[in-house]
Structure formats: C-alpha cells, structure tokens
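The values are calculated or read from the model by the stated rules, or taken from the named source; none is laboratory data. Owing to the predicted nature of the structure, the values given are computational and were not obtained by experimental measurement. Cβ coordinates were reconstructed from backbone atoms using ideal geometry, including for glycine residues, and neighbour counts include every protein chain displayed.
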Amino acid sequence: MKALASYEFQEPRPSPGSSSRNRWVPKVKPAFPSLADLAIDDGYSCAKVTPVPFPLRPQKPKSRSHTLRERFKKRMQICRVAVGLISTVNSLDKGLAVDHHTRLAAKGSQMTVEVTAAGRRAMHSLLKDATLVARERRSLGLTGAHLAAPTLLKTSLDDGGYLKITGVKQVPLIADRIVEPSTQACVKLLDVLPPEDSLFYSKESNVIELTGKSQATFREIEARYAFVGGDKQQYLDYLSRPEVAFLWEWNLASAARAFAGISAVLKKDGVSQRKLLMQCSADYL
C-alpha cells in the first residue's frame with residue numbers, strides 16, 4: 001500500500017462519476033518555502049505567517065474493516081507529525097520581542113487572530129513535510145521501544161500505535177506522607193542567572209503581560225484551580241510540620257496577587273507523596 005498524500009485526510013473525495021484527472025496530486029518541494037514565498041501584502045511591516053492553522057483531525061472510521069483502520073492509522077501518523085511541526089513554528093511568534101497579539105493590540109485591532117493566506121500556505125507545506133517524515137519512519141521498522149514504553153510510563157497504546165497521554169493522577173493529600181527536602185539549602189534563580197537575564201526577570205513588568213488578558217478569565221481560572229486536594233485538616237497538619245516551615249511565608253489573604261491550588265501525587269513507591277502546586281491563574285498572565 002502506498003503512503004497517503006499529506007492532504008488526503010483533509011481534501012474531500014471526488015463525487016461519483018467525476019473525472020479522476022481533476023483529482024489533486026501532491027507535489028513535494030525540495031525545501032520549505034522562504035518567507036517571501038509565503039508573505040502577502042496585508043498592511044503590516046513584516047510578513048504575518050503565524051499562527052499557522054492546524055490540519056483537521058482524521059475521522060475514525062465506524063467500520064471495522066482492516067483496510068480502513070490501516071488508512072486511519074497512517075493519516076493519524078501524518079497528522080501528529082504535522083501538528084508537532086506547526087506547534088514549533090507557532091511558538092516562534094511568541095518568541096519575538098513584540099509578539100503578533102501585541103502588534104494587533106497596538107493597532108487597535110480585535111484580539112481574535114485570523115489565519116492569513118500565508119499561514120494556510122505554510123500549513124500545506126508542513127503537511128507535505130509531515131508526509132515524508134511519516135513515510136520514512138515506516139520504512140525504518142520497529143526497534144522494540146514501542147513495547148517497553150507503555151510499561152515504563154504505565155499507560156497503553158491507542159488505535160494509531162501511539163502512547164495515550166493521561167493527566168497526572170492526583171490523590172488526597174496526607175500530611176505525614178508528603179516528602180520534602182532534608183536540608184534547607186536552596187538556590188535563588190536570580191543569583192545564578194547571567195547579569196542581563198537576572199536584571200530582566202527581577203522586574204515584574206517583564207514577566208507579566210496584561211495586554212489582551214481578561215480579568216474575568218483570570219478569576220474563573222483561579223476559582224477552578226485554587227483548591228486543597230484533600231481534607232483541610234491534613235493540609236493544616238502539613239503546614240504545622242516543623243521541617244517544612246522554611247518553605248512557606250505567611251501573609252494576609254488581601255496581600256496575595258493570585259491564589260494557587262495544592263494537591264498531591266504518588267511517588268514511585270506508591271505510598272509517599274509529592275505536593276503539586278497549581279499556579280494556573282498566575283501562569284495565565
């Protein structure tokens with residue numbers, strides 16, 4: 001069976017009776033197109049390629065046909081590779097000194113980012129590259145790691161042969177099972193960073209971006225994740241342990257800029273626990 005074309009899971013099938021000559025045939029370019037090839041005149045001083053849209057996820061067939069299931073498996077392989085490539089490209093936009101969202105806000109535009117023609121062309125090129133990568137992976141054969149990985153990660157494989165990524169399984173916090181450092185030695189981030197980075201991160205205005213952020217969304221995130229995972233008395237008993245006193249500072253609730261949640265997850269021995277601090281509302285900023 002030939003490898004699937006990169007657009008096959010996204011392009012509609014030809015209607016019955018239509019000529020096969022009108023069907024789309026993929027053409028693989030030797031390299032990813034340059035920025036000039038993707039750019040369009042959209043009124044900005046630089047080419048607006050990101051955010052690149054993600055391809056549509058292939059639909060799982062309802063039939064139990066082996067052929068259809070194999071086609072779905074190969075389409076999912078291409079889709080996963082493409083999503084990884086596009087995610088990497090989209091992260092470049094956030095890496096700019098002034099990201100795309102900030103440029104829009106400065107121009108008084110709406111915060112809803114529309115996908116440009118350049119972004120769609122970039123997606124098409126990345127889909128072609130993903131097809132080649134998936135095809136080459138299939139030709140390498142299996143090394144045996146696919147059998148050991150589910151055991152090591154305590155998970156299972158999905159229909160496409162990939163590991164199922166599950167969230168962290170939280171357990172009720174138990175005060176005397178939380179494992180904490182045996183010494184009070186610590187390393188301050190600002191002290192070990194290069195001088196330029198230390199100066200940059202020492203200013204709150206450099207690490208918090210309020211442009212385009214909703215206060216209502218901030219409060220919703222805070223209300224959802226600022227909780228104690230377990231019995232309140234166990235939480236108080238944990239804070240009363242003398243060996244953990246140096247890890248915490250006490251203040252009035254009115255002085256807090258944001259609230260976090262606390263929960264626990266099991267360590268490898270299945271008995272001792274590790275605390276989990278959920279700074280979700282602060283991460284939103």
Members of segment 59-90 that are within 22 Å of the chain's Cα centre (by Cα) and exposed (fewer than 11 other Cβ atoms within 10 Å of the Cβ): Gln59
Take the residues in segment 259-285 that are surrounded by 15 or more Cβ atoms within 10 Å (Cβ to Cβ), out of contact with any Phe, Trp or Tyr (no Cβ under 7 Å at 6 or more places or on another chain) and without any contact (Cβ under 8 Å) to a residue 40 or more places away in the chain, then tell me which one is nearest to Lys213 (Cα to Cα). Ala282
Since Ile221 meets every condition but one in (1) within 24 Å of Ser281 (Cα to Cα); (2) among the hydrophobic types (A, V, I, L, M, F, W, C); (3) more than 27 Å from the chain's Cα centre (by Cα), which condition does it not meet? (3)
Within segment 149-171, does at least one residue satisfy the condition of being surrounded by fewer than 13 Cβ atoms within 10 Å (Cβ to Cβ) and modelled with pLDDT of 80 or more? yes
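Would you confirm whether or not segment 237-252 contains a residue that is under 30 Å from Thr155 (Cβ atoms), at pLDDT 85 or above and not aromatic (Phe, Trp, Tyr)?
no
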State the number of residues belonging to segment 172-213 that are free of Cβ contacts under 8 Å to residues at least 12 places away in the same chain, assigned to a loop (DSSP other than H, G, I, E, B) and surrounded by 12 or more Cβ atoms within 10 Å (Cβ to Cβ). 1
Give Phe227, Phe218, Phe259, Phe246 a once-over and let me know the one that is outside the structural domain of Arg75 (by TED's automatic domain parsing) and in contact with a strand residue (DSSP E or B) (Cβ under 6 Å, 6 or more places away or on another chain). Phe227
Is at least one residue of segment 235-245 exposed (fewer than 10 other Cβ atoms within 10 Å of the Cβ), more than 25 Å from the chain's Cα centre (by Cα), in a loop (DSSP other than H, G, I, E, B) and not β-branched (Val, Ile, Thr)? no
